[in-house]
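Written out below as structure tokens is the structure these notes cover.
The values are calculated or read from the model by the stated rules, or taken from the named source; none is laboratory data. Everything quoted here is computed from the prediction, not taken from an experiment. Cβ coordinates were reconstructed from backbone atoms using ideal geometry, including for glycine residues, and neighbour counts include every protein chain displayed. These area figures cover heavy atoms from the full protein model, side chains too; ligands, DNA and RNA do not enter into them. Shrake-Rupley method; radii C 1.70, N 1.55, O 1.52, S 1.80 Å.
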Amino acid sequence: MSIIPASRVQGDPCSNNTSLHLQAPIEQASSKPLPTWSKPTAAIGSKVSLLDSGGAFAGVILVFVSDEGFNALDQAVQTSGNTDLSIHLTRATAEPHIEPNLRLTLTGPDRPGIVYEITHELAELQINILHFSSHVQSGAWSGEALFIADLETRTPAELDLDELRDRLDAVEEKMTLEIDIESDSA
């Protein structure tokens, strides 16, 4: 038993414009064999997950299709005449993935206000912090508390790197830090 023959899905069902979440619970009748899902059609398959729970099966398939492909798939499900499967199509939205284009490494004596000073300057320049990690460790020679932080950020396209460097130089001076800047555009 097939879910939807690939030939019935028209349009561009495999483009990467829209996410589709297809849920297809499969319940075993007393004497009917379970349908095979070993090879979902190209029109509806990119990730497949099946759950076995004591004779009843549920499958979830996540695929990426255009709006046109989603509509074609929905129409094919509606007109398939299927009575053995319960199929639910749900549009899903993908979370945006933002790549960092500026990385900062901070090193210096630990003291209150370091995070504030750095984040304040970044916010003033409309720089988005994507990842921030910090820790304090014992300095190699002095044994004093050493603050170390790594930041991955996304800058606006119009960022003036010289202005950023000037602002961070002032923070370095004020907080006795060393700030290393790695920019994808510098």
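Some points to look at:
- Lone unmet requirement of (1) without any contact (Cβ under 8 Å) to a residue 60 or more places away in the chain; (2) open to solvent by less than 70 Å² (accessible area, probe 1.4 Å); (3) closer than 30 Å to HIS97 by Cβ; (4) not small (Gly, Ala, Ser) for ILE181: (1)
- Filter pass, ILE129 being within 21 Å of ASN101 (Cα to Cα), touching a helix residue (DSSP H, G or I) at 6+ places or on another chain (Cβ under 7 Å) and either assigned to a strand (DSSP E or B) or modelled with pLDDT of 95 or more (or both): yes
- Qualifying residues in the stretch 84-120 (those that are open to solvent by less than 90 Å² (accessible area, probe 1.4 Å) and hydroxyl-bearing (Ser, Thr, Tyr)) - the one modelled with the lowest pLDDT: SER86
- Being touching a strand residue (DSSP E or B) at 6+ places or on another chain (Cβ under 8 Å) and at pLDDT below 95 is a property that holds for LEU73.
- For GLN78, the conditions (1) more than 30 Å from VAL63 (Cβ to Cβ); (2) open to solvent by 70 Å² or more (accessible area, probe 1.4 Å) are fulfilled apart from (1).
- Of residues in the stretch 135-169 being open to solvent by less than 60 Å² (accessible area, probe 1.4 Å) and over 15 Å from ASP184 (Cβ atoms), the one farthest from the chain's Cα centre (by Cα): GLY143
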